[in-house]
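The structure under discussion appears below in the form of structure tokens.
Bear in mind these aren't lab numbers, they're just calculated from the coordinates by the rules spelled out. Note that the structure is predicted; figures quoted are calculated from it, not measured.
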Amino acid sequence: MLVYTPEGRVAVQIVVLPRPIVPAVPEGPGSVNEWDAGQARKVIETYDAYFGTYESDEVNHTVIHHVQGELRPNLDGSAFHRRYQIEGDRLTLRSTDPREMWQVVWKRVR
């Protein structure tokens, strides 16, 4: 899920499927210590989320996500630079770093 607001806020959640199978946490988030280190690592490796502000450059088709909070605290304060392309209801984001060869295609939900 990717959300851009007119006020300049952004929120992102990315899930890699399939998610790992881990023991249920019936007592709430404080009980995740029931997971072993490998299970916890797989949970973190298959999910990412962050929020912050954004600025876009419509001439160069770039957007910068200024991260205020991230699942991985070491990325708080980061600036994620992305190239974007919009085709109909699809938004494609790519890194601006030519050494990174990934892309994410988002489909608008109406």
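Highest GNM mean-square fluctuation among 93, 71, 17, for the chain modelled with Cα contacts below 10 Å: 17. Helix content alone sets the calculated 222 nm mean residue ellipticity of the chain: runs of n ≥ 4 DSSP H residues at -39500 (n - 2.57) each, divided across all residues, give -2500 deg cm²/dmol.
If you wrap a convex hull around the Cα atoms of segment 2-110, how much volume per residue is inside, in Å³? Show your work: numbers first, answer last.
Working: hull volume 17.2 nm³, N = 109.
Per residue, the Cα convex hull of segment 2-110 comes to 158 Å³.
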